[in-house]
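Following: one structure in structure tokens, then a few remarks.
The values are calculated or read from the model by the stated rules, or taken from the named source; none is laboratory data. Everything numeric here is computed off the predicted structure, so don't read it as measured data. Don't worry about glycine lacking a Cβ; one is built from the backbone with ideal geometry, like all the others, and counts go over all protein chains shown. Please note that ligands, DNA and RNA were not included when accessible areas were found on the heavy atoms of the full protein model with its side chains. Shrake-Rupley method; radii C 1.70, N 1.55, O 1.52, S 1.80 Å.
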Amino acid sequence: MSLELNEYILVVLIFFVIAFFYSSVGFGGGSSYLAILALVFSSFLLIRSTALVCNLVVVSGSCYLFYKKGLLQFKKFLPFIITSVPFAFLGASFCLKETIFFILLGTSLVIAAFALLVQTMKLKSNYDLEKYPRPLIYILGGFIGLLSGLVGIGGGIFLAPILNQLKWDKPIVIASLASFFILVNSISGIGGLMVSGTFELFWPETIGLLMAVFTGGQLGARMSLNKFSAKRIRMLTALLVLFVGIRVLINNGLQISFFS
């Protein structure tokens, strides 16, 4: 990472802000880390690996807080995890071309952002929960796990809007599931990168990034649990995801530059 000290400090602060917003809705921030890292790292492998590790740090702290609040319902979450973990490992083990990776990531994020925006505008504090057949849960977990492994994020940003739209459970329970989903899939994804020999980190700069996302993640998750402007934070997060998705798709995927 060839950055001046002031530039590095700016990146650390950006990572802190990203972790704060994403953790407040149960996400890890991997999508935005990828976009920022694409400006910093020249190595595609470093980008993917660093984003996953930052993701892991954020959601580890969030899961601990959700667990203390009794919101991690492991038995209920298990069907999603059973299929997502092996498919996340499989997806991460694929060696995608850099352009294809960014096109897939950008497109996925734009779709996820619109889903999150629609879900947030329709979000109600009370609604009747729906029950769905177990095979559907397995398929959903496996599909999102595979997509998560391919693009190098935990997948909660894809899972949460879908489950809120389906009225699977209360928003806070879905947020806790999203954090746990990201946790196990990030671990699985890192395992897939290691097995394929594509896991790389740049020390010691990564340490500063990890400290930033841990602090921001803890603040965001705690404010979320205290019901701090939940709907507004969701809306801001959705807009951030949309911006990141468009930027990744245009600049990194399609490689279109509006400035010479």
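Split the chain at each of the GluC sites (Glu not before Pro) in a DSSP loop with at most 14 other beta carbon atoms within 10 Å, and the longest piece is 131-260.
As an exercise, identify the trypsin sites (Lys or Arg not before Pro) in the range 79-178 lying in DSSP coil whose Cβ has no more than 11 other Cβ atoms within 10 Å. Of the trypsin sites (Lys or Arg not before Pro), the ones in loops of the range 79-178 whose Cβ has at most 11 other Cβ atoms within 10 Å are 97, 124, 131. Annotation: amide H-H contacts under 5 Å for residue 200 (H modelled 1.01 Å from N, sequence separation of 5 or more, or interchain): 49. Fully extending the segment from residue 170 to residue 222 would add 17.0 nm, taking 0.36 nm per residue of separation and subtracting the current Cα-Cα distance. Can you give me the C-alpha center-to-center distance between the range 173-213 and the range 51-75, rounded to a whole angstrom? Between the Cα centre of the range 173-213 and that of the range 51-75, the gap is 12 Å. The separation of the range 8-45 from the range 95-112, counted between C-alpha centres, amounts to 16 Å. Residue separation of residue 132 and residue 5 scaled by 0.36 nm, minus their Cα-Cα distance, works out to 40.5 nm of gained length.
For the range 89-213, what class follows from the C-alpha gyration tensor (a ≥ b ≥ c being the square roots of its eigenvalues): rounded when a/c is under 1.5, otherwise prolate if a/b is larger than b/c, else oblate? It is prolate, given that a/c is not under 1.5 and a/b is the larger ratio. Among the DSSP helices (H) of the chain, those spanning at least 20 angstrom by Cα along their long axis with an average Kyte-Doolittle hydropathy of 1.0 or more are 5-23, 44-68, 74-93, 98-122, 134-151, 171-195, 230-247; this is a geometric and hydropathy rule only. Computed over the chain with a Gaussian network model linking Cα atoms closer than 10 Å, the most mobile of 183, 56, 240 is 240. Entry comment: accessible area of the chain is 46 Å² per residue, from protein heavy atoms only and a probe of 1.4 Å. Measuring nothing but protein heavy atoms, the accessible surface of the chain at 1.4 Å probe radius is 69 percent carbon and sulfur.
The mean of 1/r over all distinct Cα pairs in the chain, once inverted, gives the Kirkwood hydrodynamic radius of 17.9 Å. Available extension along the chain between residue 39 and residue 194 is 53.4 nm, counting 0.36 nm per residue and deducting the alpha carbon span. Each label point was placed 7 Å from the Cα along the Cα-to-Cβ direction; for residue 243 and residue 13 their separation is 1.5 nm.
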